[in-house]
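Nothing in this text is a laboratory measurement; each read-out follows from the coordinates by a stated rule. Not measured: the values here are computed from a predicted model. Because the Cβ atoms are built from the backbone with ideal geometry, glycine has one as well, and the counts that use them run over all protein chains shown.
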Amino acid sequence: MSNNIVWHSAQISKEKRAKQKKQKPCILWFTGLSGSGKSTLANALEAKLHEMGYHTYLLDGDNVRHGLNGDLGFDEASRVENIRRIGEVAKLFVDSGTIALTAFISPFIKDRELARTLVEESEFIEIFVDTPFEVCEQRDPKGLYKKARAGELKNFTGIDSPYEKPTNPEVYLLNDKEDINKNIDKIITYLKNNGYLNA
């Protein structure tokens, strides 16, 4: 970083922005295999929070690669950079007083931990969407497992690239057995019990 770059302090603080929105800003970081249901859950949760009057923004893996991360590939270095950038963007949303939802495979523990260090400890909520590999592959909503099995897609998580499960997520969801509404309620309950809503 250049020595000529100096941080500019804004007149309106994160605390003032959050108070105006009557919520405690945070990152809801959904992680899990492709096809685990991360995006479906994140979309449903955002809709519920919006209905309840909260200020949110959802960052989805595929959507972000259409713009901000459109220059990145899928090799390990690019995937690490993909998550680094998402962490930085989510941090800006937290600074705005917003509840940021992110739905990314984010397969490596060290990358998720790096994202956690960008904000205050209480502002990062890891949500592990635990769906068995066999179920994810059977669902295969984008046909990616099929392509990976055929050798048309390299470095695909679960096939030829590892997924490192969270060891102590704030919210743990079994997403092949539980009804989606029960999982949404579980997250809402966590947010209410820990002071993120109606702050």
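General remarks:
- When the chain is treated as a Gaussian network with alpha carbon springs shorter than 10 Å, the biggest mean-square fluctuation among Thr102, Thr117, Thr56 belongs to Thr117.
- Rounded if a/c under 1.5, otherwise prolate or oblate - the stretch 64-115, Cα gyration tensor axes: oblate
- Separation of the Glu15 and Lys110 label points, Cα + 7 Å toward Cβ, nm: 3.6 nm
- Among Phe30, Ala77, Val94 - extreme Cα towards positive end, dipole of the stretch 13-105, charges at beta-carbon: Val94
- Translational D in µm²/s for the chain (Stokes-Einstein at 10 °C, 1.306 mPa s, Kirkwood Rh from C-alpha pairs): 90 µm²/s
- Neighbour counts of other Cβ atoms within 10 Å put Phe30, Phe108, Phe93 in the fewest-to-most order Phe108, Phe93, Phe30.
- Using C-alpha pairs below 8 Å separated by at least 6 residues, the relative contact order for the stretch 34-193 is 28 percent.
- Segment Met52..Leu153, full-extension length gain: 32.3 nm, with 0.36 nm per residue of separation and the alpha-carbon distance subtracted.
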